[in-house]
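Asker: Let me give you the structure first, and then I'll get to my questions.
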Amino acid sequence: MTDFSAFPLPVLAPDAAPEFIDADSCKAWLEDVPLANVSAAQTQMLSQVREFNRFPTRAMTRLGALEAIREAVHFVQIEQAKRFTNRALPMADAEISIFKQTLALWEQMRLGYMRCLEAAAMGDPAMRTHGALVCQRVLAYAGLKMFHHYRAYRQVPAQEWRALHEAYARAEELEVAEEPVKDYLNRDVHDTSPRIAYVRALLTGLCNPNELTQRQLTFVAFLLERWSSKVGVLRQPPAWRDVPPLVADLLGDAAPERMAPSAGEVASLRYLDTDRLAKSLRNRVGLLRKGESPARLALGEDCVQPSCEQLLVFLYRQWCQMRTTRGPERRRVSDVAQVCTGIAAIHYFVSGEAFRQPRDSSSYSRLEQEELAVLGRVSKRSDEKYSTIQGFAVEQWQLLDESSQGLKLMRKAGESGRRYAHGQLVAVRPSDSKSFLLAQVRWLMNSENGDLIAGLKLMPGLPAAMAARPSGLNASNEKYVPSLSLTGVEALNAPPSLILPAGWYKPKRLIDVYFDALARVRLDAVLERGSDFERVAYEIV
């Protein structure tokens, strides 16, 4: 029998005095909870559910009260999560506070149902008849707690994985893992089971969530509500195919891994059969490529091409294929790299000079004009003063590993620095490099101890500072803005490109650029689009 001692339940106390003690009193109490003020409502719910979990009562009474409060809890949790998701990292103190409180309420809901599960395991006949529902709820709340780690791009602690596996093990012991359950808090598909709730949590953790945007995470949740039923959880490995199965250890504290089946049966190992899921993904990708609309394939009205197809292919690789190896060129390093963000700051550190309007002497201060007249250049002291005024700075990050196409870096907890977002433009200079390289933030994660870890995708070519402005009849009145250029790399089939502020690209648009001299270029195609930039192919007119 599963041992719950590693996750002790709240001690029952005769002096516990919650404001509700059963389903009816819970419904009456909810009428006075200010749901319009979600922050206050969340605080009240956390306090009262925590107190109720200490209150001695019959398991059926406890279950009724928890079922009565579920819908209100989900409403305030979803609303509160908007205040810490879709934010740059690391989170601000206020965002961290809301994040922790949200996790705490999910945990108290899980513990409440765990108390009911304990009663079922101890032979309570009323609870045994509700064993499947209680197990599904425990697994659902364990999964929701993990999902909100992903939404905040926080590392999921090992104990959360252990709690998930342990709850599924108890569902198997009660022989209810496959029993159907209704969950009307699912958005569309209300039919579920303990096994489906377990699979949803597993597959969400396996989709590389730190690399996905909030919109993509929501789409994954939408898909798994429908498709988790397609994945079996087996005691014996499925028929051997080209790809080893995903294996979960019910006694472990980590996500499933792909591994060859053990020679002998290991009682705690469970094998995920993803054949039906793989077939659904392949079929839909094939139909999308033939021009079928995502809506007709039950992928949602707001799912659009080509991003829909790209995400399905990505999920297929994560769930149904071996993970691609990094290749022999990736090497682990322990070094320091300089990092800066924002086109204006990168322009300054790449050029080593303050940005000024081309051919415009009015952009120089009186002191700088005197330096130009006497020295023929502006002194470095003036440029350094400019960077201080503008707030430009380079940060020191630890370089963890690198390849020809990407870098993995870490900034230690407590070190000051800017906040970072997915898709952001950064410039990075490893200690052995003479110049900065341009990169895009591909994934982000805050570790348990607060370290900020980032994966960067390097852009091909060497960067240079330049200036750009719109072209046209009124162009003479337009100001130049800092921008960057990248040389072409023939070996990678990468053409020369421009790094422009987000929103600049329009097909065949003409702009003026100034590097060593003025030129007019036509924008041909967007090669990459980030949260604060566009990388654009061009041709000189």
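The values are calculated or read from the model by the stated rules, or taken from the named source; none is laboratory data. The structure presented is a predicted model; accordingly, all values stated were derived computationally and were not measured. Neighbour counts run over all protein chains shown; Cβ positions are idealised from the backbone, glycine included.
Asker: For the stretch 100-136, which positions are more than 19 Å from Arg54 (Cα to Cα) and either of a type in the set (S, T, N, Q) or modelled with pLDDT of 95 or more (or both)?
Answerer: Those that are more than 19 Å from Arg54 (Cα to Cα) and either of a type in the set (S, T, N, Q) or modelled with pLDDT of 95 or more (or both): Lys100, Thr102, Thr129, His130, Gly131, Ala132, Leu133, Cys135, Gln136.
Asker: Test Thr388 against the criterion of being under 26 Å from Leu246 (Cβ atoms), of a type in the set (Ser, Thr, Tyr) and either at pLDDT 95 or above or surrounded by fewer than 13 Cβ atoms within 10 Å (Cβ to Cβ) (or both), and give yes or no.
Answerer: Criteria not met by Thr388.
Asker: Same structure, new question: Among the residues of the stretch 283-297, write down those that are out of contact with any Cys (no Cβ under 6 Å at 6 or more places or on another chain) and either crowded, with 17+ Cβ neighbours inside 10 Å or hydrophobic (A, V, I, L, M, F, W, C) (or both).
Answerer: Scanning the stretch 283-297 gives Arg284, Val285, Leu287, Leu288, Ala295, Leu297.
Asker: Next question, about the same structure. Identify, please: which residue in the stretch 87-116 is among the basic types (Lys, Arg) and in a helix (DSSP H, G or I) and is, among those, farthest from Ser416 (Cα to Cα)?
Answerer: Only one residue tops the list, namely Arg115.
Asker: Only residues in the stretch 136-151 that are among the polar types (S, T, N, Q) count as the first member; pair them with residues that are surrounded by fewer than 24 Cβ atoms within 10 Å (Cβ to Cβ), Cβ under 7 angstrom, at least 6 apart or cross-chain, and list the lot.
Answerer: Once the first residue is among the polar types (S, T, N, Q) and sits in the stretch 136-151, its partners that are surrounded by fewer than 24 Cβ atoms within 10 Å (Cβ to Cβ) give Gln136/Val181; Gln136/Asp183; Gln136/Thr192; Gln136/Ser193.
Asker: Across the stretch 192-216, which residue is nearest to the chain's Cα centre (by Cα) among those that are over 27 Å from Val247 (Cβ atoms) and of a type outside the set (Val, Ile, Thr)?
Answerer: Checked the stretch 192-216; the qualifying residue nearest to the chain's Cα centre (by Cα) is Gln214.
Asker: Can Thr129 be described as over 22 Å from the mean Cα position of the chain (by Cα) and of a type in the set (S, T, N, Q)?
Answerer: yes
Asker: I've got another one for you. Looking only at the stretch 96-109, how many residues end up being over 22 Å from Gly64 (Cα atoms) and either more than 16 Å from the chain's Cα centre (by Cα) or surrounded by fewer than 17 Cβ atoms within 10 Å (Cβ to Cβ) (or both)?
Answerer: The total comes to 7.
Asker: Given the conditions (1) in contact with a Cys (Cβ under 7 Å, 6 or more places away or on another chain); (2) part of a loop (DSSP other than H, G, I, E, B), which single one is not true for Phe84?
Answerer: Against the list (1) in contact with a Cys (Cβ under 7 Å, 6 or more places away or on another chain); (2) part of a loop (DSSP other than H, G, I, E, B), Phe84 comes up short only on (1).
Asker: I would also like to ask the following. Pull up the stretch 219-244, narrow it to residues that are aromatic (Phe, Trp, Tyr) and closer than 21 Å to Ala152 by Cβ, then point me to the one that is surrounded by the fewest Cβ atoms within 10 Å (Cβ to Cβ).
Answerer: Checked the stretch 219-244; the qualifying residue surrounded by the fewest Cβ atoms within 10 Å (Cβ to Cβ) is Phe222.
Asker: With respect to Thr61, determine if the residue is surrounded by fewer than 17 Cβ atoms within 10 Å (Cβ to Cβ), touching a residue at least 24 places away in the same chain (Cβ under 8 Å), under 12 Å from Gly112 (Cβ atoms) and out of contact with any Lys or Arg (no Cβ under 7 Å at 6 or more places or on another chain).
Answerer: In short, yes.
Asker: Hey, which of the helices (runs of 4 or more DSSP H) in the stretch 117-202, taking only ones fully inside, have at least 2 residues that are touching an Asp or Glu at 6+ places or on another chain (Cβ under 7 Å) and crowded, with 18+ Cβ neighbours inside 10 Å?
Answerer: Those helices (runs of 4 or more DSSP H) span 131-151, 158-173.
Asker: Right, another one. Given the criteria in the same structural domain as Lys182 (by TED's automatic domain parsing), outside any helix (DSSP H, G or I) and touching a helix residue (DSSP H, G or I) at 6+ places or on another chain (Cβ under 6 Å), does Leu63 qualify?
Answerer: When the stated conditions are applied, Leu63 does not pass them.
Asker: Of all residues in the stretch 415-462, count the ones that are out of contact with any Gly (no Cβ under 6 Å at 6 or more places or on another chain) and of a type in the set (Phe, Trp, Tyr).
Answerer: 2
Asker: Quick check: is even one residue across the stretch 208-231 within 30 Å of Met122 (Cβ to Cβ), touching a strand residue (DSSP E or B) at 6+ places or on another chain (Cβ under 7 Å) and either of a type in the set (A, V, I, L, M, F, W, C) or part of a loop (DSSP other than H, G, I, E, B) (or both)?
Answerer: No, the stretch 208-231 has no match at all.
Asker: Cβ-Cβ under 9 Å, sequence separation 6+ or interchain: first residue in the stretch 179-193 and assigned by TED's automatic domain parsing to the domain that holds Ala132 and without any contact (Cβ under 8 Å) to a residue 40 or more places away in the chain, partner part of a loop (DSSP other than H, G, I, E, B) and among the hydroxyl-bearing types (Ser, Thr, Tyr). Which pairs?
Answerer: From the stretch 179-193, the pairs are His190/Tyr184.
Asker: Do we have any residue at all in the stretch 208-218 that's at positive phi and surrounded by fewer than 16 Cβ atoms within 10 Å (Cβ to Cβ)?
Answerer: Taking every residue of the stretch 208-218 in turn, at least one turns out to be at positive phi and surrounded by fewer than 16 Cβ atoms within 10 Å (Cβ to Cβ).
Asker: In addition: Out of the residues in the stretch 494-508 that are without any contact (Cβ under 8 Å) to a residue 24 or more places away in the chain and at negative phi, state the one that is nearest to the chain's Cα centre (by Cα).
Answerer: Across the stretch 494-508, the extreme among qualifying residues is Lys506.
Asker: Mind listing just one residue for me: the one in the stretch 264-291 that is part of a loop (DSSP other than H, G, I, E, B) and farther than 24 Å from Val231 by Cβ and, of those, farthest from the chain's Cα centre (by Cα)?
Answerer: Residue satisfying both the conditions and the ranking: Gly264.
Asker: Could you please tell me which pairs satisfy a Cβ distance under 6 Å, a separation of 6+ or placement on different chains, a first residue in the stretch 29-44 that is without any contact (Cβ under 8 Å) to a residue 12 or more places away in the chain and assigned to a helix (DSSP H, G or I), and a second residue that is exposed (fewer than 13 other Cβ atoms within 10 Å of the Cβ) and not charged (D, E, K, R)?
Answerer: If the second residue must be exposed (fewer than 13 other Cβ atoms within 10 Å of the Cβ) and not charged (D, E, K, R), the pairs left are Ala40/Pro34.
Asker: In addition: Can you name the residue in the stretch 223-275 that is of a type in the set (Phe, Trp, Tyr) and out of contact with any Ser or Thr (no Cβ under 7 Å at 6 or more places or on another chain) and, of all such residues, is modelled with the lowest pLDDT?
Answerer: Here the residue is Trp240.
Asker: Right, another one. Does Leu89 qualify as being among the aliphatic types (A, V, I, L, M), in contact with a strand residue (DSSP E or B) (Cβ under 6 Å, 6 or more places away or on another chain) and not assigned by TED's automatic domain parsing to the domain that holds Met410?
Answerer: Yes.
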